[in-house]
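Structure first, commentary second.
Throughout, read-outs are computed from the coordinates displayed, never taken from laboratory work. As the structure is a computational prediction, the values presented were derived from the model and not from experiment. Note that each Cβ is placed from the backbone with ideal geometry, even for glycine, and that neighbours are counted across all protein chains shown.
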Amino acid sequence: MLVRGTFDGIQEPIAQTGRNRFFQGAPPGPVSPSTLDLSRVGGLAVGHAEDPEASSGVTAVLFDAAVPAVVEVRGGASATYDTASLSLDSTFGRRWALFFAGGSVYGLDAARGVRLRVLERGGGHRAFRNPNLVAPVSGAALFDLPRTKGPIPDYLPLGYEAARRANRDEVPVGRVGAGAGATVGKYLGRDRAMRGGIGAAAARVGRRGSLGVLLVVNSIGAVRDPSTGRWVAGARADRGRIAPPGAAPSLADPSSGTTLGLVVTDLEVDRPTLARVVAMAHAGLASTVTPFHSATDGDVLFGASTGTAGPASAPDRAGGEADRLGFLAAQLAVRASLGAVRVANAEP
């Protein structure tokens, strides 16, 4: 049996096997609509898919057209797909879709499934006067591999399914998509970690525009609310309390941390401005995740501009637009990270 909607002549069909059936319905555990919803940002659609046990998955963001995009990799142990060509000196810096996946390097197979769906829905463009369509996509993966040896989900069909489910409805957050197997607070070992997950937040920018942040929180570090200083999620201590990370955390299980994210606006923003906005969003996350950007984290943030709301307002000074959007992105990144762990760890 074949997964529906294969694109004849471009990709081989995706076989439907026992390894790549999808979880149907809502994943077990806390999942909630985003309270400040990413769907208010124009020009994109978001979809999630999980493996049959809902222990890992893929989240795909599809754009209405190929949009300018950037990436900033800060963690020392990242797993990424086609990010080098997003550098500011690259010739082709546009993407039809972005994805986040579980599965470590296995999760990068999701790229082909996402691309297949982009082509099916009419996306793609010609390059170098060649008649064949290309649909560039980029993505990153987090480490949620099972602790015992066994079969690994096939992320190619998971990527396709996440992209097929992409829509403009409220974006579910919590234990869903790429966040299905996420955990936080692994500095005392995975046994004492709490749940991580997907988080999202968005806000209006001026009269026409919007800015949103989508995160997958799977950090080695703990998550703290910077407005109160209280720890929200991390390594569990006795009596249900959170053991704060010490000045030099032991990183007892150092192979499994990552925070992945996307900062996206529907204003027309050039790539150098996007790069500054993403850098400021990283700084916002550093105020809530501790430790962050460690040698064994795979922290990656993408930035994208769909441009559906038209040009941004004229800045009042050099760099004014980057600072305005970057300051807001940092705030939204904090909200999204807090929302992810609060929903994921809420009582069912």
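Considering only Ser78, Ser227, Ser87, the Gaussian network model of the chain with Cα springs below 10 Å gives its largest mean-square fluctuation to Ser227.
The distance linking the stretch 61-76 with the stretch 78-110 is 7 Å (Cα centroid to Cα centroid, whole angstrom). The Rg/Rh ratio of the stretch 32-344, with both radii computed over alpha carbons and Rh defined as the Kirkwood radius, is 0.96. Both radii were evaluated on the Cα set of the stretch 67-131; the Rg over Rh quotient, with Rh as the Kirkwood radius, amounts to 0.99. I want to verify a result. In a Gaussian network model of the chain, Cα cutoff 10 Å, which of these has the top mean-square fluctuation: Phe143, Phe292, Phe327? Per the Cα network of the chain with a 10 Å cutoff, Phe327 tops the list. FRET efficiency for the Lys149 to Ala237 pair, using the beta carbon distance and R₀ = 41 Å, is estimated at 0.85. As a proxy for reagent exposure, ranking Asp238, Asp266 by other Cβ atoms within 10 Å from fewest up yields Asp238, Asp266. Each Cα pair under 8 Å and six or more residues apart adds its separation to the average, and for the chain the resulting relative contact order is 22 percent.
The Cα center of the stretch 168-184 and the Cα center of the stretch 308-323 differ in position by 31 Å. When the chain is treated as a GNM with alpha-carbon contacts under 10 Å, the residue of Ala275, Ala200, Ala329 showing the greatest mean-square fluctuation is Ala275.
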